[in-house]
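Working notes for the structure below.
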Amino acid sequence: MPDAVNTNNAEHYTWGDGCHGWHLVKTDNLSVIQERVPPGKSEERHVHRKARQFFYVLEGTATFDLGDRVLILHERDGIEVPPNIPHRLRNDSVVDLVFLVISSPKSHGDRTNV
């Protein structure tokens with residue numbers, strides 16, 4: 001039987017400059033990660049060839065570059081990113097950004113910077 005999972009007991013990793021991630025679900029077919037991005041930080045623009053992702057903002061505001069569009073996601077906003085669509089998430093605000101990224105199949109190892 002699975003146990004409850006949260007950022008206190010999930011596998012933790014760091015990325016970029018001061019960004020954090022917690023693997024809430026980590027299987028080959030499904031990945032659920034909670035991430036925290038400090039103000040002014042971002043990820044590199046990239047694509048996934050196989051993974052379909054859904055980003056859901058828990059706290060803060062995300063600026064999302066999706067293809068040739070720029071979208072602002074507020075708390076309780078989400079967006080689906082199909083495979084092969086260039087995207088980048090950044091935090092242009094003055095408070096931490098906390099969000100979930102759900103990927104199927106897993107996105108690790110399926111990323112190409114563009």
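The values are calculated or read from the model by the stated rules, or taken from the named source; none is laboratory data. Not measured: the values here are computed from a predicted model. Positions of Cβ are generated from backbone atoms using ideal geometry, with glycine treated the same way; all protein chains shown enter the neighbour counts. Only protein heavy atoms, including side chains, enter the accessible area calculation; ligands, DNA and RNA are left aside. Shrake-Rupley method; radii C 1.70, N 1.55, O 1.52, S 1.80 Å.
Among the residues making up region 94-109, those that are open to solvent by 30 Å² or more (accessible area, probe 1.4 Å) and either in contact with a helix residue (DSSP H, G or I) (Cβ under 9 Å, 6 or more places away or on another chain) or assigned to a loop (DSSP other than H, G, I, E, B) (or both) are 94, 95, 96, 105, 106, 108, 109.
Figure legend. Inter-residue proximity from region 59-71: first residues farther than 14 Å from residue 93 by Cα, second residues at pLDDT 95 or above and among the aromatic types (Phe, Trp, Tyr), beta-carbon distance below 8 Å, spacing 6+ or different chains. Indicated pairs: 70/64. Only one of the numbered conditions (1) among the aromatic types (Phe, Trp, Tyr); (2) touching a Gly at 6+ places or on another chain (Cβ under 8 Å); (3) open to solvent by less than 40 Å² (accessible area, probe 1.4 Å) is not met by residue 13, and that is (3). Candidates are the residues of region 24-45 that are of a type in the set (A, V, I, L, M) and within 22 Å of residue 105 (Cα to Cα); the one that is most open to solvent (accessible area, probe 1.4 Å) is 30.
Exactly one residue out of 65, 3 is among the charged types (D, E, K, R) and open to solvent by 30 Å² or more (accessible area, probe 1.4 Å): that is 3.
Having 2 or more residues that are within 19 Å of residue 87 (Cα to Cα) and not hydroxyl-bearing (Ser, Thr, Tyr) is the bar; report the strands (runs of 3 or more DSSP E) wholly within region 1-67 that clear it. Can you show your working first?
Working: elements: 11-15, 19-26, 31-37, 52-59, 62-66.
So the answer is 19-26, 31-37, 52-59, 62-66.
Within region 72-93, if we keep just the residues that are farther than 17 Å from residue 47 by Cα and assigned to a strand (DSSP E or B), the residue that is most open to solvent (accessible area, probe 1.4 Å) turns out to be 72.
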